[in-house]
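Q: I'd like to ask some things about the structure below.
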Amino acid sequence: MAESINKSRIDLLVIGGSAGSLEVILKAFPQLTTDLPFAIILVLHRKQNTDTTLIDLLSAKTKITVIEANEKELIKAGCIYVAPADYHLLIENDHTLSLDYSEKVNFSRPCIDITFQTAAETYKDRLACLLMSGASADGVEGLELVKTLQGITAVQDPKTAEVSYMPQKALDKMEVDYIVETDKVFDFINMLAKSSELTA
Amino acid sequence: MQESAIRDEEIEILLNDLLELYGYDFTNYSKASIKRRINRLYSLDKFPSFAEFRYHLRNDAPYSKRFVEQITVNVTEMFRDPGFYKALREQVFPHLGTYPFIRIWLAGCSTGEEAYSVAIVLKELNLFDKSLLYATDINPEVLEKAEKGMFPLSQMKQYSENYILSGGKHEFSSYYSANYNLAKFDESLRSKMIFSTHNLVSDHSFNQFQLILCRNVLIYFDKDLQAKVFNLFDQSLENLGFLALGTKETLRFSSIASNFRQLNSEKIWRKV
Ligand SMILES: C[S@@+](CC[C@H](N)C(=O)[O-])C[C@H]1O[C@@H](n2cnc3c(N)ncnc32)[C@H](O)[C@@H]1O
């Protein structure tokens, strides 16, 4: 599997997480390579009205630009976009972002499945998705579609995830390309960066 | 999860049918959301094929009504974003209080939760009697609900919390009476509301307002359509009037931006 990855170039990495993910991401961020050849989108379940603090928290951990995903914004390599609380984040064919205030899905808004799905349908094999710790099944179906459309799929290792349910649920349903150790998330992202550069 | 059954090209075909046969123009809506809605409807109504789906839309006028109702997103809340209502209460209405008459337009009002929230704030500021609220939406079905002023009782705890956070000082429950699982809002609130269909895409300016609220509607429009609607609002707003958008919407990049000044932190602009 690692072989095929070495040859693949991605333009976008989407990370979906719920309970127990944020801590892991905050730990990973300082060790990320600062010249990312792709964009990262974070879709995190959380309480409402915590947006500015979340962006500040994340920004403090990396030199990479971390911004809230604005509607109509063009996705650019080298930036990290955070889905705002209480809106779904969708990806358009022209690689711009859209926000949607429709019903919650899987009891969640933002819903990870929706971002995974719309990202998969536009980026196809130029996409990687990582599903992290959480007590929800959100993201599992979307990850399956990512796989169907030839994207790279990964989950945080349920053995060391704070809440194993979400990544385990994915493993029960599908074979993923990567099972990422909880303290190796940065490594995984840097590896994607490296292989994307090699094939650029 | 399967790939969307109805593909991009098919979405275009359906939207063109809707425009040609029924005059509803959704062609400048953000595609990803409309695609999701159409696919949702397709599986909800269990069509066996795109052809059958299209046939229904073209030949069954009542179905076109359902189609429009279902592809628009009507989710809303009372006192959604309490900080926004606090700004209305403390920074907008005090200005409008000096006018002899206050006309407010709620564009894309959905099932009316927003209109009743604004009415409550006006009441508490003693401005209600000289106000008129024009609440419009493209979707006639949501307007019918809005006119009834009945919302799920199960939501009242949340709404009451929002209300208090927004600076409300009364007992929120004094504004409604519980009726089985519904909260029926005070008839008097309804007395200053005018409900009407209005399509922001194709209908014109119909009055001059001191305040226009259009929240969480523009996120569904592409940039060109947003620009067009901003012009409509500019035309419909008196000098020194206010324009209020949703938390994630902005006037900043529009051509009318230079005519407006933003109030501190909220998405409220004043025409200057
Ligand atoms: C998500 S709701 C927003 C409701 C409320 N303003 C809020 O923020 O809670 C969007 C509303 O916009 C309406 N809408 C969509 N397209 C429209 C159009 N072209 N003209 C008028 N209303 C439209 C929909 O029917 C829906 O009720």
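The values are calculated or read from the model by the stated rules, or taken from the named source; none is laboratory data. What you see is a predicted model, and the numbers here were worked out from it, not measured in a lab. Don't worry about glycine lacking a Cβ; one is built from the backbone with ideal geometry, like all the others, and counts go over all protein chains shown. Note: areas computed on protein heavy atoms with side chains; ligands, DNA, RNA excluded. Shrake-Rupley method; radii C 1.70, N 1.55, O 1.52, S 1.80 Å.
Q: Using protein heavy atoms only (no ligands, DNA or RNA), what is the total accessible area buried between A and B, 1.4 Å probe, nearest 100 Å²?
A: Details: alone 9230 and 13240 Å², together 20040 Å².
In total, chains A and B hide about 2400 Å² from solvent.
Q: Accessible area per residue of chain A at 1.4 Å probe, in Å²?
A: Working: 8040 Å² over 200 residues.
With all protein chains present, chain A gives 40 Å² per residue.
Q: Measure off 7 Å from each Cα along the Cα-to-Cβ vector at B:ASN126 and B:ASP186, then give the distance between these two points in nanometres to one decimal.
A: Placing both labels 7 Å beyond Cα along the Cβ direction yields 1.5 nm.
Q: State to the nearest 20 debye the size of the charge dipole of region B:82-271 about its Cα centre, where the only charges are +1 on K and R beta carbons and -1 on D and E beta carbons.
A: Details: 21 positive and 20 negative charges, 91 e Å.
For this selection, approximately 440 debye.
Q: Here's something else I'd like to know. With a 1.4 Å probe and every protein chain left in place, work out the accessible area per residue of region B:8-71 in Å², rounded to a whole number. Don't skip to the end; give the middle numbers.
A: Working: 3080 Å² over 64 residues.
Solvent-accessible surface per residue comes out at 48 Å².
Q: Which ³J(HN,Hα) values, rounded to whole Hz and listed in residue order, are derived for region B:223-240 from phi using the Karplus coefficients 6.51, -1.76 and 1.60 in 6.51 cos²θ - 1.76 cosθ + 1.60 with θ = phi - 60°, glycine and proline given as x?
A: 4, 4, 5, 4, 4, 5, 5, 4, 5, 4, 5, 4, 5, 9, 10, 5, 4, 6
Q: Pairs of alpha-carbon atoms within less than 8 angstrom and 6+ residues apart define the contacts here; what relative contact order does chain A have, in percent?
A: Values: 459 pairs, mean separation 51.6, N = 200.
So the answer I get is 26 percent.
Q: Further question: With θ taken as phi - 60° and the coefficients 6.51, -1.76 and 1.60, list the Karplus ³J(HN,Hα) couplings across region B:132-149 in order, rounded to whole Hz; mark glycine and proline as x.
A: 9, 10, 8, 10, 10, 7, 6, 9, x, 5, 5, 5, 4, 5, 4, 4, 6, x
Q: If you average the sequence gap of Cα pairs under 8 Å that are 6 or more apart and divide by the length of chain B, what percent do you get for the contact order?
A: Values: 401 pairs, mean separation 47.6, N = 272.
That works out to 18 percent.
Q: If you don't mind, another one. Which ³J(HN,Hα) values in Hz, rounded to whole numbers, follow from the phi angles of region B:264-272 under the Karplus curve 6.51 cos²θ - 1.76 cosθ + 1.60, where θ = phi - 60° and Gly and Pro get x?
A: Result, ordered by residue: 2, 8, 7, 7, 10, 10, 10, 6, 10 Hz.
Q: Can I get the semi-axes of region B:1-140's equivalent ellipsoid? Compute them from the C-alpha gyration tensor as square roots of 5 times the eigenvalues, in angstrom, largest first. Please list the in-between numbers first.
A: Numbers: eigenvalues 323, 48, 28 Å².
Semi-axes (√(5λ), whole Å): 40, 16, 12.
Q: With viscosity set to 0.890 mPa s at 25 °C, what whole-number translational diffusion coefficient in µm²/s follows for the protein assembly as shown from Stokes-Einstein and a Kirkwood radius over Cα pairs? All intermediate terms of the calculation are to be shown ahead of the outcome.
A: Working: Rh = 23.8 Å.
Calculated translational D: 103 µm²/s.
Q: Counting partner chain Cβ atoms within 10 Å of every residue's Cβ in A:71-77, what's the average?
A: What the average comes to for A:71-77 is 3.
Q: With the cut-off at 24 Å, tell me which of the pairs A:LYS61/A:LYS124; A:LYS27/A:LYS124; B:LYS86/B:LYS271; B:LYS65/B:LYS223; B:LYS223/B:LYS267 have Cα atoms farther apart than that.
A: Numbers: A:LYS61/A:LYS124 30 Å; A:LYS27/A:LYS124 29 Å; B:LYS86/B:LYS271 20 Å; B:LYS65/B:LYS223 26 Å; B:LYS223/B:LYS267 18 Å.
Exceeds cut-off: A:LYS61/A:LYS124; A:LYS27/A:LYS124; B:LYS65/B:LYS223.
Q: Among A:THR115, B:SER173, B:GLN2, whose Cα projects farthest towards the positive end of the dipole of the protein assembly as shown, with charges put on the beta-carbon of Lys, Arg (+1) and Asp, Glu (-1)?
A: Sorting the options by dipole projection puts first B:SER173.
Q: Let's see if you can work this out: charge +1 on each Lys and Arg Cβ, -1 on each Asp and Glu Cβ, no other charges. What is the dipole magnitude of region B:8-71 about its Cα centre, in debye to the nearest 20?
A: Values: 10 positive and 11 negative charges, 66 e Å.
It works out to roughly 320 debye.
Q: Among the aspartates and glutamates, which fall within straight-line cross-link reach of B:LYS148, defined as a Cα-Cα distance under 12 Å, with same-chain neighbours fewer than 8 residues apart omitted?
A: Correct list for B:LYS148: B:GLU113, B:ASP186, B:GLU187.
Q: If you take the Cα Rg of chain A and divide it by 2.2 N^0.38 Å, with N the number of residues, what do you get? Walk me through the numbers before you get to the answer.
A: Working: Rg = 14.9 Å, N = 200, 2.2 N^0.38 = 16.5 Å.
My calculation over the Cα atoms of chain A gives 0.90.
Q: A drop of at least 40 square angstrom in accessible area, chain alone versus all protein chains together, probe 1.4 Å. Which residues of region B:27-45 meet that?
A: Checking the loss per residue gives B:ALA32, B:ARG36.
Q: Right, something else. In deg cm²/dmol, rounded to 500, what helix-only [θ] at 222 nm does chain A give when every DSSP H run of at least 4 residues adds -39500 (n - 2.57) and the total is split over its residues?
A: -9500 deg cm²/dmol
Q: Relative contact order (percent) for region B:74-117, with alpha-carbon contacts under 8 angstrom and 6 or more residues of separation?
A: Working: 21 pairs, mean separation 30.5, N = 44.
Here the relative contact order equals 69 percent.
Q: Can you list the DSSP H helices in chain A whose Cα atoms extend at least 15 Å along the helix axis and whose mean Kyte-Doolittle hydropathy is 0.5 or higher? All intermediate terms of the calculation are to be shown ahead of the outcome.
A: On the way: long enough: A:112-123 (16 Å, 0.12); A:185-198 (20 Å, 0.69).
Qualifying helices: A:185-198.
Q: Kirkwood hydrodynamic radius of chain B from all distinct Cα pairs, in Å? Could the numbers behind the result be given before it?
A: Details: mean 1/r = 0.0505 Å⁻¹.
For chain B, inverting the mean 1/r across all distinct Cα pairs yields 19.8 Å.
Q: With charges only on Cβ, +1 for K and R and -1 for D and E, what is the dipole size of chain A about its Cα centre, in debye, rounded to 20? Intermediate results must be reported in sequence, preceding the final value.
A: On the way: 19 positive and 29 negative charges, 62 e Å.
Once rounded to the nearest 20, the dipole reads 300 debye.
Q: For chain B, what is the mean residue ellipticity at 222 nm derived from helices alone (per DSSP H run of n ≥ 4: -39500 (n - 2.57); sum divided by total residues; nearest 500 deg cm²/dmol)? List each step's numbers first, then the result.
A: Values: 11 runs with 109 residues, N = 272.
Computed mean residue ellipticity for chain B: -11500 deg cm²/dmol.
Q: Another one. Loop only per DSSP, at most 14 neighbouring Cβ atoms within 10 Å: give me the trypsin sites (Lys or Arg not before Pro) in region A:93-200, ordered by residue number. If you can, show how the numbers build up before the last one.
A: Values: sites: A:LYS104, A:LYS124, A:ARG126, A:LYS147, A:LYS159, A:LYS169, A:LYS173, A:LYS184, A:LYS194; in loops: A:LYS104, A:LYS159.
The qualifying sites are A:LYS104, A:LYS159.
Q: Still on this structure, I have one more. Along the charge dipole of region B:36-98, which of B:PHE67, B:PHE93, B:HIS56 sits closest to the positive end, that is, farthest toward it, with unit charges on the beta carbon of Lys, Arg, Asp and Glu (+1, +1, -1, -1)?
A: The residue sitting most towards the positive pole is B:HIS56.
Q: On a straight-distance basis, which aspartates and glutamates could pair with A:LYS184 in a cross-link, Cα separation under 18 angstrom, same-chain partners fewer than 8 positions away excluded?
A: In chain and number order, the partners are A:GLU23, A:ASP157, A:GLU162.
Q: Find the centroid of the Cα atoms in region B:206-227 and in region B:49-75, then give the distance between the two in whole Å.
A: Using only Cα atoms to place each centre, the spacing works out to 25 Å.
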